[in-house]
Structures are given as structure tokens and as C-alpha cells.
Ligand code: SGN
Ligand code: CA
């Protein structure tokens, strides 16, 4: 056990002896010592698909337990809505332009300090299982088993800390759960606090459910979002030019599971150059038993589609694609929920629950047909916001709801604070500990956002902006120079850019000033924007 933790435990014991029965000010956390941290994160899990937020689409009873027993954050958001950059922000506690991982393309610079390294140095035992997507291995972990890149849904390969590469037969979500449980039960020493990062690949594209959830969701019909048929009028060019529309950009084979030979038979063209390839790569990995289950599940859907497709309108096709998308996306979430339930059960059974901080979040939000889209990247609500709930029985009141604008930037500062460690002064987040205790005053009232990966898959233009409770001001740049302003109270669906509306002139000028201040505060600048463009200028569009 490392020195800091020993000192902490001695202090706790000493305080307990001299304060026995009298020191009212001794808080629960002090008595219990440094908390364990179980950080659960899934990939591309929209808050719209968690019943603690809305049960329109799916019931997630286990994930909801975290909110019911703890705190639900209704305005949590990310700083840059894309996978690897979000993970870099979480681990480093710094915005993308400072930690350097601005997009999914280049590896994370591992010379940077991350919060797990600091916890490990202070005596925490640390482990990570699942998707990291950094292009290199994490530092600060006693044990890790991570998926290379995006990883596979079935029969995944893992990069392991001690045993090289290892392929495990089975369904990835369940395997990651078993690895995490196994570490908790068998590999951990009981006298040290732990940090466990339990990181799902699901429900990332191509949305593959496990056998037990295939048919359950295949036979359901889901409510459509109001903006499914958005025509992108009333905004600038970015929404119009993005390539993430369900009808025109989602893969027929890879995503909707219409086999390539059926596409040929019906005369359906690929929606991307990797449409059929994605399907083939997926089914080629299946064992013959898994392949039989797949055929059995999707067979009736394919037969029905073959009959209906020749006469169907574009509007109905859009509807069909939305339903097909939801069936698989939600089926893969159901497995995440099963896994979360098992891990929460173990915490309860083992008596670890009281002083363990359990976080459930996603690396960003996701479009579930809103604006006709799938994927993320935009500062618009569904991808900018992310699910977040935190349970810590020793500190957080059960059933509490917090509406503050917290960000993925805040995790590092929060965990270090919870472990009574000082965060390095260049970390840019805020500790959420006061919020956990119900103390919200003085918390930030505006957040800063910056997305970079363009030109690239889905073609979402580079943009940065400021978001307050009432407004969202965005600047799209690089091959355009366009500004958008949304009135978040009056236009919840974000369909009307009011930047050029005279009635909002003073809002525009105030927010522009605040945005410039935030850029200075977080050390972002036009020079850095240019430097990042210059750095990657020779990159070709990835699918050309
Ligand atoms: C893949 C997906 C994209 C997705 C990126 C990034 N295409 O390229 O839809 O936006 O990953 O996702 S796929 O056909 O290969 O699935 S991220 O979560 O890693 O940022
Ligand atoms: Ca993601």
C-alpha cells in the first residue's frame, strides 16, 4: 500500500478514536477513507435511450438504479463530441486543444498526466477493461484488457497488459462485464481503494445485439422523433452538408443488415464504399452457431423487406430505416444494462457499495433519428449532451437531480478531489463534489465546445461555441465562416438559427464577448485553430 493511502487510513483511524461519539463535523467520507471509483462508460449511448431520462424507447432498469440511488445530471455535456477525444478529455482533465487529441485519427500523447496515474501513485489499485480507442495503451493501470481501435461486437481481440493479444469467443459486452467482475472478485486486494474503468463498446455502430436480445427488439415499433424529416432549412450549410442521414448515408448491409446479395437482387446501391464490406466483416467473424442465430433472427425481417421494398415510398423507407436502426441499437443497450446490473449486484453483495462512487456515462450523446440523423459530432443537443448519473451512498442523497452544466472535463478533478488529492493546476475541469452534496452555488454558467474532425467521415464541419442555459452560439469555420445562434428556451429542437435576427442583436454581442473570454480562459485561440489545420493538412478524406 502506498504512503499517501496509509497516511489517510491512519488519519481516519485516529480521527475516529479521538472523536468517538462527539465530533459531529467528522463527515461520512472521512470516516470511510478514500472512496472506490467504478467508472462505467458506454460508447455512443444517447440519453434518449436511458429510462432514467425517458422511457419512450427502452427500459434500462439497471442503469436507472444508479440514478435512483444517487444523482441524475440532466445537463451533462461533452467538450468535443467524438470518441477518442472525449476519452482524452476525461483522462487528462483538459480540453482537446490542450491535450492534443483533437480527433479520432492520431494517437493520444501518453507523456501527459492522467488522473488514473495520480490515483495509482497515491495507492489506488487500478484496472481498465473494454474500449479505450487511443491508438496506444493507457498508463496508470495495474491491469488492463482493451479492444484494439473500435473493437468487435463478437469474438473480440483484446490488447492485454501482461499476455499480449488475446481473442475471446463470445459477445463483447458480456465479456467486458465478466472481465470487470472477475477483477473485482478475484484480482483486487481488499485493503486498497480501487479505480475500475468498465468501458463498453456497445452501442456503437454497427449496433449488434446479443442473441438473447435480437428478436425482442426486432418485433417492436418505436416512436419517431419530431424532426425525423428535417430538411435542414433555417440553418447554415453545416447541417445540410453533414453525411449522417438515415436514408441517404446509413449503410444498407453494414447497418440495416440487408445482405449484399439481397441488395443486388433489389437493385439497391451502397450508401458508402464500405457498406457491403462492413456487413461481410461482421458476419465473417461469427462462429457457425452465432451465424445460425443471426440468420434465424434476421431471416424473417429480410423476407418481409424483399416483398415490401419494390413499392415503398422514400418517406416509408425513412421510417423503416429508423425502426431497423432502433431495433439493433436498443438491443445492444439491453445487454449493457444486463452487465451494469451484475456489477451493481456484486457491489451490494460484497458490502462495497457505501463508499464506492459509481458513474454511468457515455463518451458522448448520439442522434436517434433527430434531424434525420445517426452519429454525433455536432454541438446540437443530442450529441452535445451526454448521459450522466452518479451514485455514492456515503455522500449523495438517493433520487437527487442536478441541472448544472457539468462536462466530461470535470471527471479528473472530481475523482482526485474525492480521493483528497490535489489536482494539477493545469487541469481545466471543476470538481463535482460540492454538487454531489447539493451545493450548486458558484458553479459555471457557460461551457465551451470545440469539434475538429473535418473533412472526415460524416463531414461535420469544424466548429466551436458557447452554451448557456438560455442560448447556444456557434461558429463554423475552415471552409465556411458561419455563425448560428439558438434560443434554447423557445426552440428546444434547434430548428431556427436566429443569429441574424435583429431581436437577438444584444444577445449575439454579449455571447460573442463571453465566448472570446472562454477561449482565453481555456487557452484556445485562432492561432491554435490554424495550427491544427496546418498539422493535418495533408490528410486525405478517409473514404476517398
Ligand atoms: C466509424 C463509424 C462512424 C463513426 C466513427 C467514429 N463508421 O468510422 O460512423 O462516426 O467510427 O466513431 S463504421 O461504418 O465503421 O461503423 S467513434 O465512436 O469512434 O468516434
Ligand atoms: Ca463514441
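The values are calculated or read from the model by the stated rules, or taken from the named source; none is laboratory data. Source: prediction; values computed, not measured. Positions of Cβ are generated from backbone atoms using ideal geometry, with glycine treated the same way; all protein chains shown enter the neighbour counts.
A few comments on the model shown:
- Residues of segment 348-387 classified as closer than 24 Å to residue 61 by Cβ, assigned to a helix (DSSP H, G or I) and within 16 Å of ligand 2 (Cβ to nearest atom), total: 1
- Selection status of residue 173, in a helix (DSSP H, G or I) and within 16 Å of ligand 1 (Cβ to nearest atom): yes
- Test result for residue 316, in the same structural domain as residue 250 (by TED's automatic domain parsing), away from ligand 2 (no atom under 16 Å from the Cβ) and either crowded, with 24+ Cβ neighbours inside 10 Å or part of a helix (DSSP H, G or I) (or both): yes
- When every residue of segment 193-200 is checked against the conditions, at least one turns out to be within 16 Å of residue 49 (Cβ to Cβ) and within 16 Å of ligand 2 (Cβ to nearest atom).
- Just one of the listed residues (140, 130) is modelled with pLDDT of 95 or more, within 16 Å of ligand 2 (Cβ to nearest atom) and either under 18 Å from residue 86 (Cβ atoms) or more than 18 Å from the chain's Cα centre (by Cα) (or both), namely 130.
- Tally, over segment 137-155, of residues that are part of a loop (DSSP other than H, G, I, E, B) and within 16 Å of ligand 1 (Cβ to nearest atom): 6
- Selection count, segment 203-216, where residues are modelled with pLDDT of 95 or more and in contact with a helix residue (DSSP H, G or I) (Cβ under 7 Å, 6 or more places away or on another chain): 8
- The numbered conditions (1) farther than 30 Å from residue 533 by Cα; (2) out of contact with any strand residue (DSSP E or B) (no Cβ under 8 Å at 6 or more places or on another chain); (3) surrounded by fewer than 20 Cβ atoms within 10 Å (Cβ to Cβ) are all true for residue 440 except (2).
- For beta carbons closer than 7 Å, sequence separation of 6+ or different chains, a first residue in segment 115-136 that is in a helix (DSSP H, G or I) and a second that is within 16 Å of ligand 2 (Cβ to nearest atom), the qualifying pairs are 115/91; 116/91.
- Inside segment 86-108, residues that are within 18 Å of residue 533 (Cα to Cα) and either outside any helix (DSSP H, G or I) or in contact (Cβ under 8 Å) with a residue 24 or more places away in the chain (or both) make up a count of 13.
- All conditions in (1) closer than 22 Å to residue 84 by Cα; (2) within 16 Å of ligand 1 (Cβ to nearest atom); (3) buried (at least 21 other Cβ atoms within 10 Å of the Cβ) hold for residue 243, with the sole exception of (3).
- Cβ pairs under 8 Å, 6+ apart, first in segment 49-61 and farther than 18 Å from residue 221 by Cβ, second surrounded by fewer than 20 Cβ atoms within 10 Å (Cβ to Cβ): 52/68; 53/74; 60/51; 61/51; 61/341
- Screening residue 234 with (1) modelled with pLDDT of 95 or more; (2) at positive phi gives one miss only, at (1).
- Considering 253, 269, the condition of being out of contact with any strand residue (DSSP E or B) (no Cβ under 6 Å at 6 or more places or on another chain), assigned to a loop (DSSP other than H, G, I, E, B) and more than 14 Å from ligand 1 (Cβ to nearest atom) is satisfied by 269 alone.
- Failed criterion for residue 339 (all others in (1) within 16 Å of ligand 2 (Cβ to nearest atom); (2) touching a helix residue (DSSP H, G or I) at 6+ places or on another chain (Cβ under 6 Å); (3) over 16 Å from residue 221 (Cα atoms) hold): (1)
- Candidates 182, 186, 231, filtered to the one that is more than 27 Å from residue 116 (Cβ to Cβ) and either free of Cβ contacts under 8 Å to residues at least 24 places away in the same chain or touching a helix residue (DSSP H, G or I) at 6+ places or on another chain (Cβ under 8 Å) (or both): 231
- Residue, farthest from the chain's Cα centre (by Cα), within segment 143-166, restricted to residues that are on the phi > 0 side of the Ramachandran plot and without any contact (Cβ under 8 Å) to a residue 40 or more places away in the chain: 164
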